[in-house]
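Since the structure comes first, as structure tokens, the remarks are kept for the end.
None of the figures in this text is laboratory data; all of them are computed from the coordinates on show. A quick note: this is a predicted structure, and the numbers were derived from the prediction, not measured. Neighbour counts run over all protein chains shown; Cβ positions are idealised from the backbone, glycine included.
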Amino acid sequence: MIKKIKRKYTDQTLHQKVRLSILLFSLLPLLCLACISLPLIYKNQVGKIQEEVYEELQNRADDMNYEMNTIELMAKTVWSDTTFITEVGKAAIDGSLGEYNRYIFQEQTLSALRVITSISQVQSARIHLDYPGVREYSSYLYSMDRAKDSLWYEDRNSLTYNGAWYMNVTDKQSYGTYSDYFTEKNMASFVIPIRISSELTGIFEIMLPMKAIVPELYSGLQNQDIFLIDSKNRILGIEAEGNFGGITRENLEAMMGVASLDDYDAQGIQIYHGVWKHSPVILSVSRNERKGVYLMEITSVKKQYQTMAVQIIGILLIEVLMTVLLLKAINRIVKRLLHDFDIFSECMRKVENGNLDVEIPRLEQVEINAVAMEYNRMLGKVKQLMEINIHREVMVKEAQLRSLEKQINSHFLYNVLDSIKMMAEVKGIYNVSDALLALARMFRYNLRIDSHSVTLQEEISYLESYLKLCNIRYDYYINLSENVEDPARNLKVPKVLLQPIAENSISYGLDELAEDTTIYLKAYIKDDCAFIEMTDMGKGMDEEKLEKVREVIRSGGGGNNSTNGIGLHNIHERIRLMYGEEYGVEIFSRENCYTKVVMTIHAEEIV
């Protein structure tokens with residue numbers, strides 16, 4: 001059955017195939033739209049509020065941690081003041097302390113606690129001492145019994161010196177004889193144990209409203225609620241009359257996908273999706289393990305889901321309308337497409353007959369026009385490559401002819417030089433012998449016609465021989481400083497690559513200075529490219545002259561003046577012919593400082 005359908009489809013004309021394809025495609029948009037648009041709409045609606053909730057909870061968590069850390073820092077500052085703690089213990093248990101000393105103690109020593117109560121919405125900062133008959137100082141120093149209704153009272157003997165936080169520390173308010181002892185609902189306490197002596201211990205407590213830690217904790221919001229879960233696993237801050245009143249720890253654990261909050265160990269802000277009272281919600285959770293507190297925010301996304309449904313229905317209706325319009329437009333579209341194909345085919349037939357100058361005109365259909373333009377570029381590239389190959393072959397033949405001529409005309413000179421060298425060695429004139437050896441090496445190198453490519457090391461040896469002869473010719477000495485990586489010495493490079501650059505440096509940059517100098521040669525490989533740099537410390541060039549030389553390197557010409565760069569242009573062209581147009585020669589210079597020539601070639605070794 002499938003083969004029969006394929007065969008029938010193959011026998012159709014292009015017009016029929018395109019029309020059938022569009023018809024088939026028009027039957028699928030509803031399903032495709034549902035699969036594609038739903039994630040996008042979800043990201044638009046729910047994803048946006050999810051990002052907002054994440055950012056809000058992150059800011060609230062940062063503010064809460066900052067506030068709690070500030071309180072802890074103040075508490076530990078007082079706790080670490082041994083002089084203060086000692087004076088507190090003495091004033092609390094010394095029954096012989098006079099009124100004046102007690103006044104001084106209350107006004108000066110306890111002023112440290114008074115400062116704490118003046119900042120960060122702190123309601124009280126007080127010390128509870130576990131000692132019978134302790135003398136109390138209102139608002140700051142109390143007997144331990146005063147705190148027996150506090151949540152931390154039973155834990156007082158097991159507290160560590162890191163301290164601990166207790167949320168909603170007491171549900172009772174101060175009455176009767178304890179009217180000066182501040183207690184109130186929805187208060188948080190940070191407590192830290194103090195030890196004055198082996199017999200005198202206590203608790204230092206800083207109390208502040210829980211809203212000072214999380215400002216929105218008891219604020220009724222329409223579609224969201226912010227709340228805490230403390231170390232006792234109590235949910236604090238949920239408004240009983242709000243949309244999320246009655247939510248339990250088990251409900252939250254189900255949304256988070258954990259068996260118990262005691263097993264929860266995720267770090268940072270975590271986002272969870274769930275359902276509360278048949279309405280979708282987003283739960284964001286921030287856990288502070290050190291303080292034993294969970295900060296949570298639950299947000300209803302019911303409206304966002306309703307908006308999603310409306311958008312999906314709207315898109316489906318639009319797709320149905322587009323399908324109807326698409327069917328009516330099929331014939332016109334196909335006709336225009338076929339018109340462009342006809343033009344394309346006609347031009348290709350001309351190229352097939354050998355006319356490479358044909359260029360496909362701009363077509364109306366964007367896709368076909370893109371292919372046509374690419375075909376034009378490809379055809380132009382073919383023509384260009386053919387011209388380059390012809391040019392390369394001509395250059396190779398000319399180079400071979402010149403090499404043969406040099407070989408015929410220079411063999412006699414090379415043999416004579418070798419004989420003179422032997423005579424100089426016999427006579428003991430070794431400087432002349434060395435010069436003749438360098439000159440003979442240059443002759444031998446130039447007479448090689450077996451290859452147009454040599455190793456970089458062979459080129460360096462040729463350059464060294466050339467500079468030896470230059471040092472005989474000139475009154476100043478030219479040194480060659482080499483900084484060449486070992487792998488770069490085996491690189492495949494065009495023959496006679498370095499010597500023309502050194503000759504340019506001497507003729508146009510160093511000769512007028514007439515003083516000892518150095519030519520610096522550097523070669524290294526980076527990725528698939530090799531870089532060869534030659535730098536002289538000559539007179540350099542100004543920007544105008546440098547730009548002229550660069551133009552000559554790129555395009556050739558330049559006449560016979562000293563800055564025409566013809567030699568560099570020839571090297572540039574040889575490199576491009578050998579490796580490609582992305583390689584070549586660059587030149588950099590600064591007047592009265594230096595001139596640097598950089599050659600970039602493909603990193604190919606000669607085996």
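Return the tail of the calculated pair distribution for the range 452-607, meaning the percent of Cα-Cα pairs more than 27 Å apart. It would help to have the intermediate numbers written out before the result.
On the way: 2411 of 12090 pairs.
Value for the range 452-607: 20 percent of Cα pairs lie more than 27 Å apart.
With the simple model of a label 7 Å out from the Cα in the direction of the Cβ, Lys8 to Ser260 spans 6.7 nm.
Using 0.36 nm per residue, how much length does the chain from Arg195 to Val324 gain when fully extended, once their Cα-Cα distance is taken away? The partial results should precede the final answer.
On the way: separation 129, 0.36 × 129 = 46.44 nm, distance 8.58 nm.
Once the chain is fully extended between Arg195 and Val324, it gains 37.9 nm.
Reported to the nearest whole Å, the Cα centre-to-centre distance from the range 225-268 to the range 467-487 is 82. The 3J(HN,Hα) values that the Karplus relation (6.51, -1.76, 1.60; θ = phi - 60°) gives for the range 254-263 are, in residue order, 5, 5, 7, x, 10, 6, 7, 5, 5, 8 Hz. Gly and Pro appear as x.
Take peptides 230-236, 35-41, 261-267 and line them up by average Cβ neighbours within 10 Å, highest first, as a rough protection proxy.
Details: 230-236: 15.0, 35-41: 13.3, 261-267: 10.9.
The packing order, highest mean first, is 230-236, 35-41, 261-267.
Over the range 216-300, what lengths in whole Å, largest first, do the semi-axes of the equivalent ellipsoid take, defined as the square roots of 5 times the eigenvalues of the alpha-carbon gyration tensor? Provide the component values of the computation, followed by the final result.
Values: eigenvalues 73, 43, 26 Å².
Its equivalent ellipsoid spans semi-axes of 19, 15, 11 Å.
Report the percentage of all Cα-Cα pairs in the range 100-258 whose separation exceeds 24 Å, rounded to a whole percent.
Working: 5304 of 12561 pairs.
Percentage above 24 Å: 42.
Our estimate of slack between Ile36 and Arg332, defined as 0.36 nm per intervening residue step minus the Cα-Cα distance, is 103.7 nm.
I'd like to compare 319-331, 128-140: which one has the highest average count of other Cβ atoms within 10 Å, and what's the full order after that?
Details: 319-331: 12.5, 128-140: 16.9.
Per-residue Cβ counts within 10 Å, averaged per peptide and sorted highest first, yield 128-140, 319-331.
FRET efficiency for Arg362 and Leu513, Cβ-Cβ distance as r, R0 = 60 Å, nearest 0.05? Kindly include the intermediate steps, with their values, before the conclusion.
Numbers: r = 59 Å, r/R0 = 0.98.
The value I calculate is 0.55.
Given the Cα atoms of the range 71-183, and with Rh set as the inverse mean 1/r over their pairs in the Kirkwood sense, what is Rg to Rh to two decimals? Could the numbers behind the result be given before it?
Details: Rg = 14.2 Å, Rh = 15.1 Å.
Checking Rg against Rh, the ratio lands at 0.94.
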